[in-house]
Amino acid sequence: MTNNAASTVMVAAVFAGGCFWCVEAVFEELDGVKDAVSGYAGGSKETANYEAVCTGTTGHAEAVKVIYDPKKISYRKLLEVYFATHDPTTLNRQGNDAGTQYRSTIFYANDEEKKIAQDYIAELNKSGHYDRPIVTTLEPLKGFYEAETYHQNYVCNNPNQGYVRAVAFPKVDKVRAKFADSLKEKSPLEK
């Protein structure tokens, strides 16, 4: 007997929208997302470390690589969640986190991702959903460098940390409320 079941092909998308702890926690909630990995994108391999990126001079943004099954969740749905869980109208800032390393950026891997993102941004701007124009940039993904181990799954591992409670959890709550039909059966935050 042969098994004709096709293996699942996972795809990766990279987003920056402020502190990577928050972005990672939001995407981890979604059904079809296998993993969300905190890291750095936009700069060189040599400067892809937290200490250097915090200076705001490396070209890097704190970014998250979302590894997902496109048969379960679309790139468009990822964009909807991304834009609903951070402020894409503030330049180089999310809340109290300021600097180019906290910019709102979609790092596209190919022309198809770029086009879908451009079209969605145009749709949002036209809808008047935001009071100000969207400043999210689209940058070609030239490299993604995984962040230090202590940044991975930070929200899950540090649920009582002050920043997590004040900033990350409200974003997770927002995704749970707005995208209830797209969530995993069990949240990674439930231990």
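The values are calculated or read from the model by the stated rules, or taken from the named source; none is laboratory data. Predicted model only: the values in this text are computed from it and were never measured. Cβ placement follows ideal geometry from the backbone for every residue including glycine, while neighbour counts extend to all protein chains displayed. Protein only, heavy atoms only, side chains kept; ligands, DNA and RNA dropped before computing areas. Shrake-Rupley method; radii C 1.70, N 1.55, O 1.52, S 1.80 Å.
Amide H contacts for K34 (H built 1.01 Å from N in the peptide plane; partners 5 or more residues away or on another chain; cut-off under 5 Å): I67, Y68, D69.
Ranked from largest to smallest solvent-accessible area, with a 1.4 Å probe on the protein heavy atoms, R103, R165 come out as R165, R103.
Straight-line cross-link reach from K72 at under 17 Å between alpha-carbon atoms covers these lysines, not counting any fewer than eight positions away in the same chain: K34, K184, K186. Solvent exposure of the chain amounts to 52 Å² per residue of accessible area, where only protein heavy atoms count and the probe is 1.4 Å.
Classify the chain as rounded, prolate or oblate from the Cα gyration tensor: take a ≥ b ≥ c as the square roots of its eigenvalues, call it rounded if a/c is under 1.5, otherwise prolate when a/b beats b/c and oblate if not. Verdict is rounded for the chain.
Ignoring aspartates and glutamates fewer than eight residues from K71 along the same chain, the ones with Cα atoms less than 19 angstrom from its Cα are E28, E29, D31, D35, E80, E112, E113, D181, E185. Taking all protein chains together, D111, D35, D97 sort by accessible area into D111, D35, D97, largest first [probe 1.4 Å]. The calculated FRET efficiency for the pair N157 and Y50, based on their C-beta separation and a Förster distance of 22 Å, comes to about 0.85. Nonpolar atom fraction for the chain, defined as the carbon and sulfur part of the 1.4 Å probe accessible area, stands at 49 percent.
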